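The values are calculated or read from the model by the stated rules, or taken from the named source; none is laboratory data. Here the structure is a predicted model, which means the values were calculated and not measured. Note that we place each Cβ from the backbone using ideal geometry, even for glycine, and neighbour counts take in every protein chain shown.
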């Protein structure tokens with residue numbers, strides 16, 4: 001079996017996460033909305049415990065965590081959920097960046113269809129958007145700014161601290177898609193100016209199918225979101241449906257470990273990175289995105305003279321990598337992220353993304369080098 | 001494994017000494033915290049208990065929403081620990 005180097009697509013579950021999930025599937029299977037007996041009460045206790053564990057990662061309050069099916073749903077709720085507030089207040093200007101995930105860009109397209117004006121900020125060749133461009137773009141009728149924390153393809157950390165200063169005195173909602181950085185880069189998301197944070201369980205060694213929208217309260221009020229679905233009133237009326245207690249408890253466990261083991265995990269990823277960089281540099285690989293701001297578990301490179309699709313196929317028995325985000329790789333469309341960073345189409349065609357974690361075993365890099373050199377002929 | 005029990009003891013003493021946790025509730029929690037061997041395998045419940053003691057609020061049930069833990073929550077978790 002090839003060694004899995006696609007952790008930005010999804011991560012393996014921590015053993016203790018799997019154990020918690022199984023517990024709430026097999027033994028403690030009560031419905032958290034039925035606290036009329038111990039089964040339901042314990043399920044509710046587990047949900048509230050997980051809510052606290054997730055909140056702790058970003059120093060939010062427990063009542064600011066809305067459980068969803070994952071970051072895609074959270075992004076949709078954060079963006080489309082503000083439509084009514086924008087229409088009622090007459091604020092119809094929205095800002096985002098060119099390197100956002102489709103789960104942000106497509107809700108913005110929908111907002112455009114609803115009559116909102118969408119402004120998309122460009123990014124620089126280092127993979128980061130320019131905060132000054134954001135400052136210039138803000139208007140009196142801006143409703144929402146949505147910026148990702150870490151890009152899923154390049155692994156580049158975005159300048160959120162600078163954004164916080166820029167929007168500090170503006171009456172706008174600020175949403176951060178933190179699917180790739182939550183639980184990994186801790187400090188940024190603790191900034192109290194960030195109103196809305198989208199997260200996913202399966203990017204932090206938790207289960208798939210669960211995530212959260214963290215919505216910080218102001219004067220004890222949630223941002224003026226409207227639910228996208230109706231029927232049940234769960235999650236403070238914002239996300240109806242029976243809570244998947246097993247997934248939520250698993251997400252809580254993953255969040256707990258993300259804080260507890262943060263330094264140790266990053267250290268292991270940095271050690272792995274040194275080996276990966278050494279091997280790929282020997283092949284003349286060019287890193288996409290500046291190393292200074294790239295998280296230690298991601299490496300996006302263009303390999304001169306080697307087509308990425310051929311490389312991925314040739315390497316499939318040694319390492320499992322991808323050429324773009326999991327959500328677009330099946331469509332074989334060129335990366336909009338690398339294109340926005342100004343890469344020539346040829347360089348985009350030569351790009352591969354490697355992403356690992358603290359549980360990734362050692363790779364035989366000599367074998368990888370040999371395969372890639374053979375491809376180059 | 002003993003870290004979570006140590007944390008339970010610390011947070012319970014803190015809440016009893018400086019906040020509103022009553023003695024009748026602190027005492028049985030401290031019995032659990034100081035007997036880790038008796039509760040081996042029940043660490044998940046101990047974690048819940050830590051959170052409940054840390055966020056203990058006499059008036060948790062007051063108001064429209066319950067976003068703190070009260071004595072009923074802690075008593076219930078203590079009962080689950082004995083089952």
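Here are some notes:
- Meets criteria (within 14 Å of another protein chain (Cβ to nearest Cβ) and either at pLDDT 95 or above or closer than 17 Å to residue A:46 by Cβ (or both)) for residue B:32: no
- Subset of region B:69-80 [at pLDDT below 95 and more than 12 Å from every other protein chain (Cβ to nearest Cβ)]: B:70, B:71
- Single condition residue B:47 does not satisfy, out of (1) surrounded by fewer than 17 Cβ atoms within 10 Å (Cβ to Cβ); (2) closer than 19 Å to residue A:45 by Cα: (1)
Condition check ((1) within 26 Å of the chain's Cα centre (by Cα); (2) surrounded by fewer than 16 Cβ atoms within 10 Å (Cβ to Cβ); (3) touching a residue at least 12 places away in the same chain (Cβ under 8 Å)) across all residues:
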position: A:297; (1), (2), (3): yes, no, yes
position: A:308; (1), (2), (3): yes, no, yes
position: A:342; (1), (2), (3): yes, yes, yes
position: A:355; (1), (2), (3): yes, no, yes
position: A:361; (1), (2), (3): yes, yes, yes
position: A:365; (1), (2), (3): no, no, yes
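- In a residue-by-residue description of region A:75-87, the property of being in contact (Cβ under 8 Å) with a residue 60 or more places away in the chain, under 29 Å from residue A:321 (Cα atoms) and more than 11 Å from chain B (Cβ to nearest Cβ) applies to at least one position.
For (1) within 11 Å of chain A (Cβ to nearest Cβ); (2) in contact with a helix residue (DSSP H, G or I) (Cβ under 8 Å, 6 or more places away or on another chain); (3) surrounded by 13 or more Cβ atoms within 10 Å (Cβ to Cβ), each residue gets a yes or a no:
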residue	(1), (2), (3)
B:9	no, yes, yes
B:23	no, yes, no
B:28	no, yes, yes
B:40	no, no, no
B:51	yes, yes, yes
B:55	yes, yes, yes
B:67	yes, yes, yes
B:82	no, no, no
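- Residues of region A:11-49 that turn out to be facing another protein chain (nearest Cβ under 10 Å), crowded, with 21+ Cβ neighbours inside 10 Å and under 24 Å from the mean Cα position of the chain (by Cα), as a count: 3
- Residue ID - farthest from the other protein chains (Cβ to nearest Cβ), chosen from residues in region A:50-69 that are outside any helix (DSSP H, G or I) and buried (at least 23 other Cβ atoms within 10 Å of the Cβ): A:68
- Test: residue in region A:159-173 that is modelled with pLDDT under 95 and out of contact with any helix residue (DSSP H, G or I) (no Cβ under 8 Å at 6 or more places or on another chain): yes
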